[in-house]
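S.K.: What follows is a structure written as structure tokens; I'll ask about it next.
Read the figures in this text as sums done on the coordinates, not as results from a lab. Computed from a predicted structure; not experimentally measured. Neighbour counts run over all protein chains shown; Cβ positions are idealised from the backbone, glycine included.
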Amino acid sequence: MGSRPVLPHALVVPAGAEDDGVVGEDTEDQEHGVEPARPPLTAEQAREVTAGLREAIDHVQRSVALLAARVRAAHAARVWAPLGYGSWESYCATEFGISRAQAYRLLDVARALATIHDAVAAGPGTSRTRDSDPGAAAALDYGLSQRALIAVSGRSSDVAELITHRLTALAHSGLQVLDEPTMRAVVRQAVRDVRTTPPPPPADPPADPALTELRRVVDDLAATTHQLGELMLEVAPAYLSDTAAADVMAPLCDAIGEALENGLAARRYAMSGDRRALSGTVL
């Protein structure tokens, strides 16, 4: 058996505690606090604790994929209608006690994961045994958090394009069959790259120099606001409603001299990638 080709540089996870949207991403003690000192563990005890932690993280990761698949199936089947509800949001509010925003965020997660799954399934060197069936989609877990999927939901086509391009490059490098760890690396890197790159400005800039300069200023402001939104998501994760996020974000916004409304708008922009989230506040 030949040796496996080395992954291209673009697929190598960078060193350091960078947030790639994987469940269990927040790890720095100085930022999140340290547990009180306890008696030291033996190496065997430490291995047992590590194995339990790994099992728990794997379970959460699989749960995100399974939740997304079941949400997609339920919405596609219009599950609310036979139960007498008038809409998806009223069904979610009554059956699960979640807000309208949370109900549609679940759909965002489901659609983003489905787009990623379709890109992987169609890629060269991947198994054709998987299809769009919700169970099959859930079976292939990429270790992505809800926050990461929400962050790229408005740009899932960009993620899919990156995945397709990189799978093709790997196939051309001589890798005939892509195993699951390689797939996970490709997908996670594509999600990371799209998350950390603000949406591109509209094509065909206006001929008027004044409008061109104004667009540049707006683009710079949007890029800065996207970074602010990522900061807000650190303290108010995407699963929180705007009302709950406001309570958490208020002290931070006050500390940095930013209006709470602007902070909430920046958070919505970081989640969706849609500049309309900034209308009436930052822009």
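S.K.: Roughly how many nanometres apart are two label points built 7 Å out from the Cα toward the Cβ at T281 and E234?
M.R.: Label-label distance for T281 and E234, simple model: 1.8 nm.
S.K.: Which whole-number percent gives the relative contact order of the stretch 38-126, counting Cα pairs below 8 Å spaced six or more residues apart?
M.R.: 25 percent
S.K.: Modelled label-to-label distance, A93 and I57, 7 Å Cα→beta-carbon offset: nm?
M.R.: For A93 paired with I57, the spin-label model returns 3.9 nm.
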